[in-house]
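Colleague: To start, I am sharing the structure in question, which I have written as structure tokens.
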Amino acid sequence: MKNLKNLLIAFLISANFITSAQDDGDLKFVCKNYLNNKPLYNTKIKILSGAKLISEFDTKESNNFKTVLAFGSDYEIYFINPLCQTMFLKVYAANVPEDKRFYKMTYAIDIPFFEKNSSVIDTSQFSQPFHVILFDGKSRFVDDIAYKNNFIKRVNQPIKVIENVQAKQKDTIIPILTTGKLKEFMQLAGKLSLDNDKHTPIKNKPLSLLNSKGEIIATSQTTNSGKFVFQGVDSSQAASISVILNSTENPNNHKVKIQNSSLEKIAISNANGNLHTFSKNAENNLFSKLKDNEFNYNISGKLIAIKGAEKKIASNKKVYLLNGKNEIVNKTQTNILGNFLFSEIVPGENYSIAFDDADLEPNYTFNIFSLKDKFIKQLDSVANKKFVYKFIALANTAFNDLITDDSEIKMNVKGRLCGDNKNNPLSNIKVLLLNDKYLTIDSATTNKEGDFSFKHAPYTKQFLITVDDEKNILEAFSNILVFSNDDNLIKMVSHIKGQKFNYKPLLTEQSKLSTLDAEDPWLELIEREMNIKSKSGKSETITENILFEFNKAELQPQSQLTLDKVVLAMLSNNSFSVELSAHSDSKGADAYNLKLSQQRADASKLYIVSKGINATRIIAKGYGESKLINNCGNGSICSDDEHAENRRLEFKLIFN
């Protein structure tokens with residue numbers, strides 16, 4: 001078969017040491033199915049260990065699947081598709097030593113399927129495994145290269161012909177075929193929040209997935225925005241999801257609502273004291289609505305160069321995202337605030353964030369902070385001269401600080417439109433940016449070169465570009481060419497006269513047209529004001545949650561990083577001044593909160609002035625608890641998160 005050698009590619013993603021109980025490790029097996037280099041769907045997967053059927057499921061509309069294999073057994077994994085030759089591979093996991101069975105490993109392989117009635121290869125060879133995977137005795141699974149090469153040779157050898165009759169083609173014999181319903185293993189994704197008027201998210205809480213007997217079959221944890229993921233769920237076993245909230249997290253005893261990953265409300269919890277449970281029934285269709293095998297995370301952070309007590313924003317530095325095999329899967333550049341963002345982080349996978357030592361600041365170390373200025377990790381040097389932070393994409397206290405919700409992302413979309421060829425730029429036409437629900441996000445007008453640009457637009461995973469062609473400029477052309485701003489052709493779109501031009505980029509094309517930023521009002525201000533020097537007479541307010549120690553006015557290092565953004569914005573443009581107001585929650589006496597908030601406002605102003613900002617540009621005032629932004633006043637029962645909303649600094653920007 002053509003290019004068979006190139007198709008049989010398997011690679012180890014990672015083997016990570018996990019400090020946990022003996023036999024707590026496992027092998028996550030990740031596959032993608034292909035026929036003639038094209039994705040293959042609706043494939044049945046059977047996993048056997050000897051004569052025992054471990055699991056069976058169908059990939060349905062997907063060409064990929066994941067499964068988890070326990071150490072201590074050998075496995076045969078069968079791949080069954082009506083269009084193709086049935087094949088199987090062997091995984092030898094019985095020989096993993098006892099002292100290695102607390103490792104977590106992930107192995108990925110692209111499965112090359114073969115046409116059912118192919119006359120080019122000897123299909124009788126598929127009565128034997130087409131691939132063999134072994135534990136290397138140390139820390140990872142590897143390919144049996146000799147076996148693989150031998151198999152390729154046998155499959156490609158000429159088929160014997162007896163009396164001008166081709167030898168009969170054979171199919172793989174599959175043991176323990178069942179006629180019952182196949183088990184479906186799926187990924188569940190959703191969001192939990194209190195069913196109150198604020199829709200308060202359930203943050204950083206453990207969740208349990210239970211079977212019909214009330215036994216826990218899987219666990220997860222919510223993110224800072226209340227989202228959760230359960231992986232590899234057996235749909236026939238899943239019966240309910242439960243979460244426990246204590247009195248400080250839910251002081252008003254609200255029920256909890258569950259939404260799917262598209263934020264559609266599914267059900268309200270059944271409460272029994274602090275225990276909140278969601279059970280599947282005919283009415284809510286719970287697990288089918290939560291099913292989302294494509295759910296992934298966005299992560300963002302801030303790169304800061306540190307030398308002793310000195311901190312410096314590491315702007316315009318290249319940042320790389322690596323998979324568990326240390327292969328670069330994405331790259332970006334920090335913006336003027338040192339921020340970076342990566343999307344499509346697959347739950348459960350191993351990753352690293354890295355930068356080249358060529359970008360290192362002399363005598364400084366590079367540190368990753370969250371966008372809320374919480375310290376994450378000092379980057380470590382490795383042999384290949386990259387500085388890395390390794391992590392597993394599983395919701396926990398450390399990883400949750402990196403997760404960025406879709407609602408917190410802004411996208412910049414830039415491109416160029418030409419008619420038929422690049423010598424016909426489409427100038428002075430109105431371009432519309434639409435989201436995946438075909439609602440207009442923003443509009444722009446092309447310049448004389450045909451360029452259009454949308455800055456800080458709300459993020460949508462799929463966007464569309466259309467044109468409001470009032471002057472019928474497009475009618476003169478048969479094709480509309482879409483270029484990136486660096487003059488690379490991305491797409492040629494056929495244009496039918498009398499019809500509206502619509503361009504729905506593929507995901508790979510979107511990445512060439514757009515960049516992503518975590519939402520930050522200071523970034524928008526800096527970039528906007530660099531180009532527009534006057535907004536005389538106008539004002540706007542930016543709110544930050546600045547941390548202080550309890551009953552103290554001294555700025556914490558984390559708060560200093562937040563104020564550094566204010567400094568950078570004021571240094572970038574001197575056309576505005578700031579009214580800085582400090583606010584407290586309702587805990588404590590009113591007079592004491594008023595005094596403390598004034599001290600905190602003064603401390604914040606002093607820090608900004610120490611960085612080179614003229615003191616006359618800042619007015620500092622403390623308001624105590626006189627301007628609460630919710631109903632958590634004296635005597636009200638509120639959660640800690642609700643009180644925290646009131647502990648804030650507000651910066652009113654007044655443009656001269």
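Colleague: Looking at Ser577, Ser581, Ser639, which one is under 30 Å from His199 (Cα atoms), of a type outside the set (Lys, Arg) and in contact with a strand residue (DSSP E or B) (Cβ under 7 Å, 6 or more places away or on another chain)? Reasoning before the result, please.
Modeller: Numbers: Ser577 fails: under 30 Å from His199 (Cα atoms); Ser639 fails: in contact with a strand residue (DSSP E or B) (Cβ under 7 Å, 6 or more places away or on another chain).
Checking each option against the conditions leaves just Ser581.
Colleague: Test of understanding: among Lys372, Lys377, Lys448, Lys390, which residue is within 30 Å of Asp487 (Cβ to Cβ) and basic (Lys, Arg)?
Modeller: Among Lys372, Lys377, Lys448, Lys390, only Lys448 is within 30 Å of Asp487 (Cβ to Cβ) and basic (Lys, Arg).
Colleague: Ser288 passes all but one of (1) assigned to a loop (DSSP other than H, G, I, E, B); (2) among the small types (Gly, Ala, Ser); (3) under 26 Å from Ser62 (Cα atoms); which number fails?
Modeller: Single failed check for Ser288: (1).
Colleague: Here is a follow-up. Being among the small types (Gly, Ala, Ser) and in a strand (DSSP E or B) narrows it down to one residue among Ser225, Ser242; which is it? Break it down into steps so the answer makes sense when it comes.
Modeller: Details: Ser225 fails: in a strand (DSSP E or B).
Being among the small types (Gly, Ala, Ser) and in a strand (DSSP E or B) holds for just one of Ser225, Ser242, which is Ser242.
Colleague: For region 466-585, which strands (runs of 3 or more DSSP E) that fit wholly inside it have 3 or more residues that are modelled with pLDDT of 85 or more and surrounded by 18 or more Cβ atoms within 10 Å (Cβ to Cβ)? Show your work before the answer.
Modeller: On the way: elements: 479-483, 489-494, 514-518, 539-544, 576-583.
Ranges flagged: 479-483, 514-518, 576-583.
Colleague: Which count do you get for residues in region 433-452 that are within 24 Å of Pro521 (Cα to Cα), surrounded by fewer than 18 Cβ atoms within 10 Å (Cβ to Cβ) and touching a residue at least 24 places away in the same chain (Cβ under 8 Å)?
Modeller: Within region 433-452, residues that are within 24 Å of Pro521 (Cα to Cα), surrounded by fewer than 18 Cβ atoms within 10 Å (Cβ to Cβ) and touching a residue at least 24 places away in the same chain (Cβ under 8 Å) number 2.
Colleague: So, in region 586-601, of the ones that are out of contact with any Asp or Glu (no Cβ under 6 Å at 6 or more places or on another chain) and in a loop (DSSP other than H, G, I, E, B), which residue ends up farthest from Glu645 (Cα to Cα)?
Modeller: My answer is Ala589.
Colleague: I'd like to know if region 306-329 contains one or more residues that are among the polar types (S, T, N, Q), under 22 Å from Asn412 (Cβ atoms), touching a residue at least 12 places away in the same chain (Cβ under 8 Å) and not in a loop (DSSP other than H, G, I, E, B).
Modeller: At the first step, the residues of region 306-329 found to be among the polar types (S, T, N, Q) are 315-316, 323, 326.
Remaining after also requiring under 22 Å from Asn412 (Cβ atoms): 315-316.
In the following step, the residues that additionally are touching a residue at least 12 places away in the same chain (Cβ under 8 Å) were identified as 315-316.
Subset that is not in a loop (DSSP other than H, G, I, E, B): none.
Looking through region 306-329, none of the residues is among the polar types (S, T, N, Q), under 22 Å from Asn412 (Cβ atoms), touching a residue at least 12 places away in the same chain (Cβ under 8 Å) and not in a loop (DSSP other than H, G, I, E, B).
Colleague: Could you check how many residues of region 145-163 are assigned to a loop (DSSP other than H, G, I, E, B) and either β-branched (Val, Ile, Thr) or at pLDDT 75 or above (or both)? Show your work before the answer.
Modeller: Within region 145-163, the first condition is being assigned to a loop (DSSP other than H, G, I, E, B), and the residues that meet it are 157-160, 163.
Retained after the next criterion (residues that are either β-branched (Val, Ile, Thr) or at pLDDT 75 or above (or both)): 159.
Number of matching residues: 1.
Colleague: Of Asn272, Asn246, Asn253, Asn281, which residue is out of contact with any Lys or Arg (no Cβ under 9 Å at 6 or more places or on another chain) and at positive phi?
Modeller: Details: Asn272 fails: at positive phi; Asn246 fails: at positive phi; Asn281 fails: at positive phi.
After ruling out the rest, the residue left standing is Asn253.
Colleague: Being small (Gly, Ala, Ser), touching a residue at least 24 places away in the same chain (Cβ under 8 Å), in contact with a Ser or Thr (Cβ under 6 Å, 6 or more places away or on another chain) and under 30 Å from Glu642 (Cα atoms) narrows it down to one residue among Ser261, Ser242; which is it?
Modeller: Numbers: Ser261 fails: in contact with a Ser or Thr (Cβ under 6 Å, 6 or more places away or on another chain).
After applying the criteria, what remains is Ser242.
Listed here are the residues, each with its yes/no results for (1) farther than 30 Å from Gly232 by Cα; (2) modelled with pLDDT under 90; (3) among the hydrophobic types (A, V, I, L, M, F, W, C).
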{"position": "Asn339", "(1), (2), (3)": "yes, no, no"}
{"position": "Gly348", "(1), (2), (3)": "no, yes, no"}
{"position": "Phe366", "(1), (2), (3)": "yes, yes, yes"}
{"position": "Ala398", "(1), (2), (3)": "no, yes, yes"}
{"position": "Arg416", "(1), (2), (3)": "yes, no, no"}
{"position": "Lys448", "(1), (2), (3)": "yes, no, no"}
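Colleague: Condition first: modelled with pLDDT of 90 or more, surrounded by 15 or more Cβ atoms within 10 Å (Cβ to Cβ) and of a type in the set (Gly, Ala, Ser). Now tell me which residues in region 586-611 satisfy that.
Modeller: Within region 586-611, Ser597, Ala601, Ala603, Ser604 qualify.
Colleague: Please give the number of the condition Ile133 fails out of (1) in contact with a Lys or Arg (Cβ under 9 Å, 6 or more places away or on another chain); (2) surrounded by fewer than 17 Cβ atoms within 10 Å (Cβ to Cβ).
Modeller: The single condition Ile133 does not satisfy is (2).
Colleague: With respect to Thr277, determine if the residue is crowded, with 20+ Cβ neighbours inside 10 Å, of a type in the set (S, T, N, Q), modelled with pLDDT of 90 or more and over 16 Å from the mean Cα position of the chain (by Cα).
Modeller: Working: crowded, with 20+ Cβ neighbours inside 10 Å: no; of a type in the set (S, T, N, Q): yes; modelled with pLDDT of 90 or more: yes; over 16 Å from the mean Cα position of the chain (by Cα): yes.
No, not satisfied.
Colleague: Looking at Asn646, Asn614, Asn631, which one is within 11 Å of Asp585 (Cα to Cα) and either loosely packed, with under 14 Cβ neighbours inside 10 Å or modelled with pLDDT of 95 or more (or both)? It would help to see each step written out before you state the result.
Modeller: Numbers: Asn646 fails: either loosely packed, with under 14 Cβ neighbours inside 10 Å or modelled with pLDDT of 95 or more (or both); Asn614 fails: within 11 Å of Asp585 (Cα to Cα).
None of the others qualify; the one that does is Asn631.
Colleague: Look at Met105 and say whether it is under 21 Å from Gly348 (Cα atoms), crowded, with 18+ Cβ neighbours inside 10 Å and in contact (Cβ under 8 Å) with a residue 40 or more places away in the chain. Quick ask: steps written out before the conclusion?
Modeller: Working: under 21 Å from Gly348 (Cα atoms): yes; crowded, with 18+ Cβ neighbours inside 10 Å: yes; in contact (Cβ under 8 Å) with a residue 40 or more places away in the chain: yes.
Yes; evaluated as a whole, the condition is true for this residue.
Colleague: At pLDDT below 85, surrounded by fewer than 16 Cβ atoms within 10 Å (Cβ to Cβ) and within 25 Å of the chain's Cα centre (by Cα) - does that describe any residue in region 75-90?
Modeller: No, because not a single residue in region 75-90 is at pLDDT below 85, surrounded by fewer than 16 Cβ atoms within 10 Å (Cβ to Cβ) and within 25 Å of the chain's Cα centre (by Cα).
Colleague: Any residue that is surrounded by 18 or more Cβ atoms within 10 Å (Cβ to Cβ), of a type in the set (Ser, Thr, Tyr) and assigned to a strand (DSSP E or B) - is there at least one of those in region 382-397?
Modeller: Yes, region 382-397 has at least one match.
Colleague: Among the aromatic types (Phe, Trp, Tyr) and under 22 Å from the mean Cα position of the chain (by Cα): is that true of Phe454 in this structure?
Modeller: Criteria not met by Phe454.
Colleague: Next up: Looking at (1) in a strand (DSSP E or B); (2) of a type in the set (D, E, K, R); (3) out of contact with any helix residue (DSSP H, G or I) (no Cβ under 9 Å at 6 or more places or on another chain), which one does Lys60 not meet, given that it meets all the others?
Modeller: All conditions are met except number (1).
Colleague: Which ones in region 285-316 are closer than 29 Å to Leu555 by Cβ, of a type in the set (Lys, Arg) and surrounded by fewer than 21 Cβ atoms within 10 Å (Cβ to Cβ)? Break it down stepwise before answering.
Modeller: Going residue by residue through region 285-316, those that are closer than 29 Å to Leu555 by Cβ are 299-316.
If we keep only those that are of a type in the set (Lys, Arg) too, we end up with 302, 307, 311-312.
Listed by number, the residues that qualify are Lys307, Lys311, Lys312.
The values are calculated or read from the model by the stated rules, or taken from the named source; none is laboratory data. All values derive from a computational prediction rather than experimental measurement. Cβ atoms come from the backbone with ideal geometry, glycine included; neighbour counts cover every protein chain shown.
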